Every structure is written in C-alpha cells, then in structure tokens.
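The block underneath contains the structure these notes are about, expressed in structure tokens.
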Amino acid sequence: MSVIEKSSLVSLQVDSNVATISLNRPKVRNALNRQLMLDMIAVAEAVSDREDIRAVIFAAEGTDFSVGADLKEVSSMEPTGSLLRARRDAELGRKMLTAIRSIHQPTICALKGVATGGGACIAAACDFRVASQTARIGLGEVKMGMNLMWNAVPLFVELVGLSRAKRLIMSGDLYGSETLEAWGLVDEVCSESDLSTVAEKWARKYGDLPPIAIQMIKRSVNQYALALSEAVMHMDEDQWILAARSDDFKECVTAFVEKRPAKPTGF
C-alpha cells in the first residue's frame, strides 16, 4: 500500500485501484474543523479526477469515525460578525458533502465507534455504508439548538424514509448499527476486526465492474433521487445562521463544552 498524500488531518492511500480516505484527528474523535473539511474537499476532488481509481473507501483513525462538527471551534466564533461572512462560512459543510457525493467512483463508508452529526452526514453522502456491530450513528444537532444543515436532510429521507428520518433528525439520539441496517441506512454489519476487510470487499465488488457503466449509473441514480433537493435545500444555511444567533444555541454549545445539561428557553 502506497501513501499518495497525507496532511495532518486527512490521509489518502491507494492499494491497486482502491483509494482509502481517512479522517485523522483521533485525539478529538475526528471532530470536523474547518481545515479538515477543506482538506477533505481537496482530496475528494483529486480522487474523483483519477482514472486509475475504481472505488473509494472513507475510514477514520482512532476509535470513532467522527463526532461531527468541532463545537469548540464553533463556540469560539464571533457571533456578531457580518451576515455575509456567516453565510460564506456556513456553506463549507455543504461543499464538503457535495465533493464526496460527486466523486465519480463508487464510495463505501466504514463506520466504527460513534458517527454523529457531520460524521453521519459524510456516511450518508457515500454510496454504501458498512458498520461494526458496536457502531452508533445519529444526528445530534437538535440537542445543540440547531437544524441539520449541509443539505443533508434529503440524503437521510432517501435512505430511511420520512418517518425514520424524522426520528433520526428530531430526536438527536444515537442508534445501533443493526437497527440502522434494518432501516436501510447501513448496508452490512460486521465485527470491528473485520471492518476494513468488509469495506474492501464492497470496494472490490464495484471497482471490478466496468467503470464507465458503473459511474454513469451512479450519476443517474443520484441525479434522479436528489433532483428536488437541489432546488429547495438552499435555505438550510440561512436557518443555521438564525439558530446560531439564538440564546438557545449559545446555551447548548456552552453546556456541551462545560459538560453540563443545557437549559434551553426558546429564545
């Protein structure tokens, strides 16, 4: 296995014609800060452009896939900055998911430990998901006083259906991988020791098929399934800006950082 590119936050390895993109912030459970997302966009676009790569695995160093957005970074942002700057900053997560979803080759996400918030969104942006038996996946944004953004809502609705998508997004709870396999979010559950092997099996299965046909099929299916979302989901970033300037958001993020229960008031 040869390392093609490695930053401090994202690594890219290629074995034969399968690329593995790994999150590399294990000390903070792969929390997604701004630089990691920028690195992810660059690596995803580079891999997508390579004809020699036939399939892509998304993985993570450490015990967890990702606990989502780095809330310590979010809590340090200046809340009274310009709306224009806030709008630009709010677009980064969507750009990252779009870069992942737009990868020409089939993509497989290998989930372990906790995958919540933006971590779960990365998984949903991939074509297939395999998970360890002990993996727990969820969308905790509501508990932080904010909406699910990054244009991720349609991804979950398409994967698990309307009612279950509401349960995932509105509860903020973590769900086990076997439950989510029954719901359709996870494609295969395995032991953690077998996770890399199973992810590679999926990658080889689709990577060994005719690449022109596979990539055309992927593009057509995604375009059909998500055509409406491209027209109506532009507003979730504006919703986040509204939520981020609420007292509840400040209270929830502060409570998270201070490791205490939040006391939202509706203001």
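The values are calculated or read from the model by the stated rules, or taken from the named source; none is laboratory data. Remember, predicted model here, so these are calculated numbers, not experimental data. No Cβ is skipped: glycine too gets one built from the backbone with ideal geometry, and neighbour counts run over all protein chains shown.
Key figures
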| item | result |
| --- | --- |
| Test: Leu155 is surrounded by fewer than 19 Cβ atoms within 10 Å (Cβ to Cβ) and closer than 21 Å to Tyr224 by Cα | no |
| Residue check, Gln239 under 22 Å from Thr20 (Cβ atoms) and polar (S, T, N, Q) | no |
| First in segment 67-84 and at pLDDT 75 or above, second anywhere and of a type in the set (Phe, Trp, Tyr), Cβ under 9 Å, 6 or more apart | Leu71/Phe256 |
| Criterion violated by Tyr175 - all others in (1) assigned to a loop (DSSP other than H, G, I, E, B); (2) touching a Gly at 6+ places or on another chain (Cβ under 7 Å); (3) free of Cβ contacts under 8 Å to residues at least 60 places away in the same chain satisfied | (1) |
| Qualifying positions in segment 184-199 - assigned to a helix (DSSP H, G or I), crowded, with 17+ Cβ neighbours inside 10 Å and under 19 Å from the mean Cα position of the chain (by Cα) | Leu195, Ala199 |
| Tally, over segment 178-218, of residues that are closer than 15 Å to His104 by Cα, free of Cβ contacts under 8 Å to residues at least 60 places away in the same chain and of a type in the set (Phe, Trp, Tyr) | 0 |
| Selected residue (only one of Gly113, Gly118 is surrounded by 24 or more Cβ atoms within 10 Å (Cβ to Cβ), farther than 11 Å from Phe58 by Cβ and touching a residue at least 40 places away in the same chain (Cβ under 8 Å)) | Gly118 |
| Residue in segment 45-62 that is crowded, with 20+ Cβ neighbours inside 10 Å, acidic (Asp, Glu) and either in contact with a strand residue (DSSP E or B) (Cβ under 8 Å, 6 or more places away or on another chain) or closer than 18 Å to Val198 by Cα (or both) present | no |
| Answer residue from segment 207-253, given it is of a type in the set (Val, Ile, Thr) and modelled with pLDDT of 85 or more and is farthest from Val160 (Cα to Cα) among those | Ile212 |
| Any pair with Cβ under 8 angstrom, 6 or more apart, that starts in segment 134-160 at a residue that is within 18 Å of Ala31 (Cα to Cα) and of a type in the set (Asp, Glu) and ends at one that is at pLDDT 95 or above and in a helix (DSSP H, G or I) | Glu141/Ile169 |
| Count of residues meeting criterion [outside any loop (DSSP other than H, G, I, E, B), in contact with a Lys or Arg (Cβ under 8 Å, 6 or more places away or on another chain) and either more than 10 Å from Ser22 (Cα to Cα) or at pLDDT below 95 (or both)] in segment 40-66 | 3 |
| Hits in segment 102-123 - residues which are farther than 22 Å from Asp64 by Cα and either part of a helix (DSSP H, G or I) or small (Gly, Ala, Ser) (or both) | Ser102 |
| Total residues in segment 124-144, condition aliphatic (A, V, I, L, M), over 14 Å from the mean Cα position of the chain (by Cα) and part of a loop (DSSP other than H, G, I, E, B) | 1 |
